[in-house]
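Worksheet: the structure to be examined is printed underneath.
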Amino acid sequence: METMIAHPVWQSVALGAHRLRNRLVLPPMASQTGDDTGLVTAATVAHYTRTVRPSQGLAFVEYTTVHPWGRSEPQQLALYTNAHEAGLAQLAALIRRQGVVPGIQLTLAGGKTDATLIGRQATGASALAVPAHGGDLPPPAPLTASEITELMDAFVESALRAERAGFAVIEVHATHGYFFNQWLSPITNQRDDAHGGSLAGRAGLLLGLIRRMKAALQPETVVSVRFAAQDRLPGGLTLEDGVWLAQALEAAGVGLLNVSSGLGGWRRGREQRGEGYLVADAAAMRREVGIPVIGVGGIQTLAYAQTILAQGDVDLIAIGRAMLANPDWPWADAAPVAQQALTV
């Protein structure tokens, strides 16, 4: 009888110094369960107790803000003080008890910040509105040099807190129209200083942060970046830009690439419908780098996941909505012979 070890989904894989038991990833998805200051609550613990399963190889805690200026939702988790560490350490331990490698996504909202939450105008790369479904957001105030330094320092400090809390993978959020996506995209970054202009200039802030994080963190801590391979909007980042960025991130020390959707406000055409509608973007990145790449985009069946792994399109598969709707989805979708292998 064929064993499940022959199926790519269930094969273990090295991620730096860590080993994932299989190729399934629970991606960062906002639970909106933090308290008003971003602390983990009992509802947060209950959410991750429900959604993290031994059938996953890597599980991310949702987008967590690194600075009070960067909040986009009232109940968003935060990690900008030492007081936030204990609750997040509880989540990291919860994930490890399932035999799953714990990750966390760190973020700033930039021009997507909710000004009513922070009591000041949102700040970003330029005074240009971030495209969004239902209309553009209010234009942010351009960040000054001193403000940029403050925010990058906050990112590094939050990364160190995440490491102390027990997270093995620390991901920088650079897509979906959030802070770093705004700096990368020519649609939202038209600065005339060193952080604007060419793609290399627009990417400089993110690449500099990655180098700082790598210098500050322990060697075994994996730095991941979730980014858009392209903006999918006229005048935005192209797929060729995405390949350049993927290679630059690898050179800066990133150990995992999480390839997701565009800047914001774009609508899927017919060619982006159906299961795995973003996998082609991830595959384009994987062909040009030597580090693991996560694929995402409406993936709903193990059969499809196994196909794209076998083809070498991606190294890991992020299952978002299907896993959130039914955390036992892999068991439900797997053949009976697979079910014991899920927890090996």
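A few notes on this one:
- Complete set of residues in the stretch 72-89 that are aliphatic (A, V, I, L, M), closer than 12 Å to Ala162 by Cβ and outside any loop (DSSP other than H, G, I, E, B): Ala78, Leu88, Ala89
- Meets criteria (in contact with a Gly (Cβ under 6 Å, 6 or more places away or on another chain) and in contact (Cβ under 8 Å) with a residue 24 or more places away in the chain) for Leu39: yes
- Filter result (under 18 Å from the mean Cα position of the chain (by Cα), under 20 Å from Ala14 (Cβ atoms) and not aliphatic (A, V, I, L, M)) within the stretch 282-314: Arg286, Pro292, Gly295
- Flag if Gly166 is under 18 Å from the mean Cα position of the chain (by Cα), in a loop (DSSP other than H, G, I, E, B) and not aromatic (Phe, Trp, Tyr): yes
- Any hit, the stretch 55-65, residues being closer than 30 Å to Ala14 by Cβ and at pLDDT below 95: yes
- For the stretch 97-133, taking the residues that are in a helix (DSSP H, G or I) and under 19 Å from the mean Cα position of the chain (by Cα), the one that is surrounded by the fewest Cβ atoms within 10 Å (Cβ to Cβ) is identified as Lys112.
- For the stretch 218-228, the criterion of being assigned to a loop (DSSP other than H, G, I, E, B), surrounded by 16 or more Cβ atoms within 10 Å (Cβ to Cβ) and within 18 Å of the chain's Cα centre (by Cα) is satisfied by at least one residue.
- In the stretch 134-158, the residue that is modelled with the lowest pLDDT out of those that are surrounded by 13 or more Cβ atoms within 10 Å (Cβ to Cβ) and aliphatic (A, V, I, L, M) is Leu137.
- Residues of the stretch 50-71 that are under 26 Å from Ile317 (Cβ atoms) and in a loop (DSSP other than H, G, I, E, B): Val52, Arg53, Pro54, Ser55, Gln56, Gly57.
- Checked against (1) crowded, with 22+ Cβ neighbours inside 10 Å; (2) touching a helix residue (DSSP H, G or I) at 6+ places or on another chain (Cβ under 6 Å); (3) of a type outside the set (Val, Ile, Thr), Gly166 passes all but a single condition, namely (1).
- Residue tally, condition in contact with a helix residue (DSSP H, G or I) (Cβ under 8 Å, 6 or more places away or on another chain) and either closer than 11 Å to Leu24 by Cα or modelled with pLDDT of 95 or more (or both), over the stretch 284-298: 10
- Of all the numbered requirements in (1) closer than 24 Å to Ala194 by Cα; (2) small (Gly, Ala, Ser); (3) in a helix (DSSP H, G or I), Ala92 misses one, and that requirement is (1).
The values are calculated or read from the model by the stated rules, or taken from the named source; none is laboratory data. Every value quoted in this text rests on a predicted model; they were computed, and no experiment measured them. FYI the Cβ positions are ideal-geometry reconstructions off the backbone, even for glycines, and counts take in every protein chain you see.
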